[in-house]
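Here's the structure, in structure tokens; my notes come after.
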Amino acid sequence: MAKPRVILHNAVSADGREDWFPADVGLFYELAATWHEDATLAGSGTILAAGGGAEVPPGGDGLTVAATPSGGAAEAPDHRPILAVVDSRGQVRGWRTLLAAGYWRAGVALCSAATPADHLAWLAGQGVERLVTGADRVDLAAALGELAARFGVKTVRVDSGGKLNGELLRLGLVDEISLLVHPYLVGGQSPAAMFRAADLVHEVGVLELELLQSRKVKQDIVWLHYAVKHASRQERDT
């Protein structure tokens, strides 16, 4: 099954952390538009932190949140991306609020066989598309393949924290990394880095990157854009 192009895009401090420093949010999303993504991928933790956990009673706005599978009829083209949220535990219930923000044309909940049945039923009642992959947790590779096959997604921008980033990177599912590096040092021992994963036991797990571009974009903020060199990693594994 074909996988879409996956790009991690994060605002970080000079030591790779995502907390405490004043990130330039406007510049972050200005650069995010570079890729014209077909889908924004986020983890449930990121959505919950943004207030997407609470269910909002439906109003009279007739909001529709279901995605249209590739090839489906549409009255008019809508080039906004879809929002795909990894939510195996069924915690995100603020879909109406998320979609009403206007950034996405539709939403897709990425679930697993362990997602509570009542949550899946609730999603269906809300008109939210569900993709169920994996047993105890979402099978991210399969979910990305389904997004490509069912909804024609070719480019995914990951807008999430270090945990989802780490899972995608360890699985070899990331094609490019974009870092908006801010001129701050945060330090600390809490796991607030943009790449959170279990410690390596062998150097073959180190990911090699190819610098595509680097430039100063505003005052002392630097934008670094890398490609992940999958071929090099595979060669080291053999």
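Flag: residue 92 does not match the condition of being assigned to a strand (DSSP E or B), touching a Leu at 6+ places or on another chain (Cβ under 8 Å) and either assigned by TED's automatic domain parsing to the domain that holds residue 43 or in contact (Cβ under 8 Å) with a residue 24 or more places away in the chain (or both). Before we move on, is residue 127 on the phi > 0 side of the Ramachandran plot and either among the acidic types (Asp, Glu) or in the same structural domain as residue 44 (by TED's automatic domain parsing) (or both)? Spelling it out, residue 127 is indeed on the phi > 0 side of the Ramachandran plot and either among the acidic types (Asp, Glu) or in the same structural domain as residue 44 (by TED's automatic domain parsing) (or both).
The rows are residues; the columns are (1) in contact with a Phe, Trp or Tyr (Cβ under 9 Å, 6 or more places away or on another chain); (2) within 18 Å of residue 87 (Cα to Cα).
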| residue | (1), (2) |
| --- | --- |
| 145 | no, yes |
| 150 | no, no |
| 166 | yes, yes |
| 180 | yes, no |
| 194 | no, no |
| 199 | no, no |
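For the stretch 78-93, the count of residues that are touching an Asp or Glu at 6+ places or on another chain (Cβ under 8 Å), of a type in the set (D, E, K, R) and over 30 Å from residue 211 (Cβ atoms) is nonzero.
Of all the listed residues (174, 138), the sole one being assigned to a loop (DSSP other than H, G, I, E, B) and in the same structural domain as residue 84 (by TED's automatic domain parsing) is 138. Here residue 213 meets the list (1) surrounded by fewer than 16 Cβ atoms within 10 Å (Cβ to Cβ); (2) touching a Ser or Thr at 6+ places or on another chain (Cβ under 7 Å); (3) of a type outside the set (A, V, I, L, M) almost entirely, failing just condition (2).
The set of residues from the stretch 152-171 being surrounded by 22 or more Cβ atoms within 10 Å (Cβ to Cβ), part of a helix (DSSP H, G or I) and at pLDDT below 95 comprises just one member, 162.
The values are calculated or read from the model by the stated rules, or taken from the named source; none is laboratory data. These numbers come from a predicted model, not from an experiment. Don't worry about glycine lacking a Cβ; one is built from the backbone with ideal geometry, like all the others, and counts go over all protein chains shown.
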